[in-house]
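One structure below.
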Amino acid sequence: MLSRRKFFIAVGLSTLFLAVMLVATPLIGSTHVEFRRVLAGLSPDHEIFFEARLSRVLLAALAGGSLALAGVIFQALLRDSLATPFTLGVSSGAALGAVLAICLGWRSVAGIPAIWAAALVGAALAMALVLSIASEGRRFSSFTLLLSGVTINSMCMALILFLHYFASLGQSLAIVRWLMGGIDAVAYPALGAILAALAPALILSLFLATDLNLLAVGEEWAASRGVSTQRTTLVCYLLGSYLAGSVTALTGPIAFVGLIVPHALRLAFGADHRLLLPCSFLVGAGFLAACDTVARTLLAPTEIPVGVITSLLGGPFFIWLLKTRRSSLWL
């Protein structure tokens, strides 16, 4: 039973963590920035803070929160704490679309960067393929979704390797850089459009907490307690795929955020999705903002793709999780 006190403490701490990251990380960089000068509108501190760093931090926060939330949804859907936003193939479809755009030399589509547009189309096609393969008439389950997603994921990765093999040197470098995952500063109108696109999915996911608690135990258990498992499975897959595919289209594949954050929060606060969903978004947002700050400052002025940082952190965590999950209950 989730007490109100525990809920407010957990959400409050998660919110505080995100707030500290949003305030502190734009001040950190190769060029020193004073917050007093930023507030006074003095150059160059004001321009560096708002134009070069803050929008990048906000994009990292949106991406990190969305990936963490998608990780929670997929882990409940598949009843596996090792599931990630990339498990069911949609992110690989987005990556294939982006790689294809790079190889064909596309620049922009209707004013939208071609890589973004192609990645979104690739994610949508992969999602449709997984659904068509997994469904038997109008029936499907999390098990068939998993098998279909793994199959599409493998096919997309094979096609990415094929395109990469025949790419030119410049294209090859661009493909490798994109596949590492990275955050760049974006204009505030574009950031607002991204938030508007993600907000409905973020809000809707919070209303699935009770159903996810039951679905995480098992489909039969959930059905016996009045949950429409077919509908919930479909909605969860679409929501998680939309979040993961949209973020991948914008940033490239950023691994392990959807694994590290949800599992760490389960260890800290338990597995109740009424708590896990909002806290995962808040902590995931702050976590990726912090990782991106490390990526752009560790070897400044050279920037490291943030996907490299998250993978370096996530690899040891994943190994530890594999070794401990045998002696653990479902978290």
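Is the shape of the chain best called rounded, prolate or oblate, per the rule: a/c under 1.5 gives rounded, else a/b larger than b/c gives prolate, else oblate, with a ≥ b ≥ c the square roots of the Cα gyration tensor eigenvalues? If you can, show how the numbers build up before the last one.
Working: a/c = 1.84, a/b = 1.20, b/c = 1.54.
Here the chain falls in the oblate category.
Excluding Phe7 itself, calculate the net charge of residues whose Cβ lies under 12 Å from the Cβ of Phe7, where each Lys or Arg counts +1 and each Asp or Glu counts -1. Let's see the in-between values first.
Values: positive: Arg4, Arg5, Lys6, Arg274; negative: Asp272.
That works out to +3.
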Does the stretch 8-57 classify as rounded, prolate or oblate by the C-alpha gyration tensor (a ≥ b ≥ c root eigenvalues; a/c under 1.5 gives rounded; else a/b over b/c gives prolate, otherwise oblate)?
prolate
Mean residue ellipticity at 222 nm from the helices of the chain, using -39,500 (n - 2.57) per DSSP H segment of n ≥ 4 over the full residue count, to the nearest 500 deg cm²/dmol?
-24000 deg cm²/dmol
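Starting from the coordinates of the alpha-carbon atoms of the stretch 1-160, obtain the Kirkwood hydrodynamic radius over all distinct pairs and give the value in Å to one decimal. Mind showing how you got there, number by number?
Working: mean 1/r = 0.0525 Å⁻¹.
Across the stretch 1-160, the inverse of the average 1/r is 19.0 Å.
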Using a simple charge model, +1 on the beta-carbon of Lys and Arg, -1 on the beta-carbon of Asp and Glu, nothing else, what dipole does the chain show about its Cα centre, in debye to the nearest 20?
640 debye
Relative packing of peptides 297-309, 71-83 - highest average C-beta neighbours within 10 Å first:
71-83, 297-309
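When only DSSP loop residues count, what trypsin sites (Lys or Arg not before Pro) in the stretch 183-283 have their Cβ near at most 13 other Cβ atoms within 10 Å?
Arg225
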Rank by packing, highest mean first: peptides 242-252, 147-157, with packing defined as the count of other Cβ atoms within 10 Å averaged across residues.
242-252, 147-157
Within the chain, which DSSP H helices have Cα atoms that stretch 20 Å or more along the helix axis and a mean Kyte-Doolittle hydropathy of at least 0.5?
4-24, 55-78, 90-104, 114-134, 142-165, 188-206, 229-251, 273-297, 306-324
Ignoring ligands, DNA and RNA, what percent of the accessible area of the chain is carbon or sulfur (1.4 Å)?
70 percent
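Where the only charges are on Cβ atoms (+1 Lys, Arg; -1 Asp, Glu), what is the dipole of the stretch 212-331 about its Cα centre, to the nearest 20 debye? Show your work: numbers first, answer last.
Details: 8 positive and 5 negative charges, 54 e Å.
Charge dipole of the stretch 212-331: 260 debye, to the nearest 20.
Arrange the residues Phe162, Phe140 by how much accessible surface each exposes, largest first, with a 1.4 angstrom probe. It would help to have the intermediate numbers written out before the result.
Values: Phe162 120, Phe140 30 Å².
So the residues, ranked largest to smallest area, are Phe162, Phe140.
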Amide H of Trp106: which non-local residues (sequence gap of 5 or more, or other chain) have their own amide H closer than 5 Å, using H built in the peptide plane?
none
Relative contact order of the chain, please, whole-number percent, based on alpha carbon pairs below 8 angstrom and at least 6 residues apart.
31 percent
Can you give the accessible area per residue of the stretch 31-178, in Å², using a 1.4 Å probe?
47 Å²
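Please give the per residue accessible area of the stretch 204-331, computed with a probe of 1.4 Å over protein heavy atoms only, in Å². Working shown, then result.
Working: 5370 Å² over 128 residues.
For the stretch 204-331, the solvent-accessible area averages 42 Å² per residue.
The values are calculated or read from the model by the stated rules, or taken from the named source; none is laboratory data. Small disclaimer: the values here were computed from a predicted structure and weren't measured. FYI the Cβ positions are ideal-geometry reconstructions off the backbone, even for glycines, and counts take in every protein chain you see. All accessible areas refer to the heavy atoms of the entire protein, side chains included, with ligands and DNA or RNA removed. Shrake-Rupley method; radii C 1.70, N 1.55, O 1.52, S 1.80 Å.
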